[in-house]
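Peer 1: Attaching a single structure in structure tokens format; questions to follow.
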Amino acid sequence: MAELISHALTEPLLRKLQGEQFVLLATIDEETGVPAVNAVSWVYAPDTERIRIAVGHKSRMIGNVTVHPGACVTMIGPDTTYEITGKATVTQAPLEGVQIKLACLELKVETVKSVMFYGAKIVQEVKVEKTYDKEAADKLDRQVLEALKRS
């Protein structure tokens, strides 16, 4: 059963969302009206009220949040699985200062819940390894993070 934690990011979640972090972004598909889930890692929380997410400039997520602004970020760990809900908007397209075409979505945090099943906790968080040129990936990650901080 979901347990309400707060109506803003906690300090540990804020810190986790200020570096590269694997999360799932759920939006409502603009055409079908059913949930659509995407794995993303370019996220940045400038404060406890907002989460910025960089997505491809042609991503369906852009149209989805334009038509249905309700969105959810799911984050695994620390300790539990978090559901962070709110309203998302496109705040910048294209995202300036990045070598590829991206857009910035911003989620205004409304609720933070623990959605972990009873009697369990997360003991190891998700780790992601880039499978293409490490130097190029690191450079792009730095560009995107800096652009999200400025958005």
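Peer 1: What's the extension gain from Phe22 to Gln99 if we count 0.36 nm per residue and subtract their Cα-Cα distance?
Peer 2: Details: separation 77, 0.36 × 77 = 27.72 nm, distance 2.14 nm.
Working it through step by step, the gained length comes to 25.6 nm.
Peer 1: Sticking with this one: Calculate I(q)/I(0) for the range 19-80 by the Debye formula, one identical point scatterer on each C-alpha and no solvent, and give its log10 at q = 0.27 Å⁻¹ to two decimals.
Peer 2: Here log10 of I(q) over I(0) equals -1.26.
Peer 1: Assign unit charges at the C-beta atoms only (+1 for Lys and Arg, -1 for Asp and Glu), then state the dipole size of the range 9-103 relative to its Cα centre in Debye, rounded to the nearest 20. Each step should come with its number before you reach the end.
Peer 2: Working: 8 positive and 10 negative charges, 45 e Å.
So the dipole magnitude of the range 9-103 works out to roughly 220 debye.
Peer 1: Within 15 Å, Cβ to Cβ, of Gly63, how many net charges do the neighbouring residues add up to if Lys/Arg are +1 and Asp/Glu are -1? Walk me through the intermediate numbers first.
Peer 2: On the way: positive: Lys58, Arg60; negative: Asp29, Glu30, Glu31.
Every neighbour counted, the sum reads -1.
Peer 1: While we're looking at this one, here's another question. Just checking my list (1) 44, 34, 20; (2) 45, 36, 27; (3) 53, 32, 28 against Cα extents along the principal axes in Å computed from this structure; which label fits?
Peer 2: Evaluating Cα extents along the principal axes in Å on these atoms matches (2).
Peer 1: Could you tell me which of Ala45, Ser6, Val34 has its Cα farthest along the dipole of the range 3-150 towards the positive end, charges placed at Cβ (Lys, Arg +1; Asp, Glu -1), taken about the Cα centre?
Peer 2: With unit charges placed on the Cβ atoms, the residue in question is Ala45.
Peer 1: Still on this model: Report the relative contact order of the chain, percent, no decimals, based on alpha-carbon pairs under 8 angstrom and at least 6 residues apart.
Peer 2: 27 percent.
Peer 1: Further, regarding this structure: Please enumerate, by chain and number, the aspartates and glutamates with C-alpha under 16 Å from the C-alpha of Lys127, excluding those fewer than 8 residues away in the same chain.
Peer 2: Qualifying aspartates and glutamates at Cα under 16 Å: Glu20, Asp79, Asp138, Asp141.
Peer 1: Counting Lys and Arg as +1 and Asp and Glu as -1, each charge on the Cβ, what is the dipole of the range 81-120 about the Cα centre in debye, to the nearest 20?
Peer 2: Values: 4 positive and 4 negative charges, 11 e Å.
That gives a dipole near 60 debye.
No lab work stands behind these numbers, since they all come straight from the coordinates. What you see is a predicted model; the values in this text were computed from it and never measured. Cβ atoms come from the backbone with ideal geometry, glycine included; neighbour counts cover every protein chain shown.
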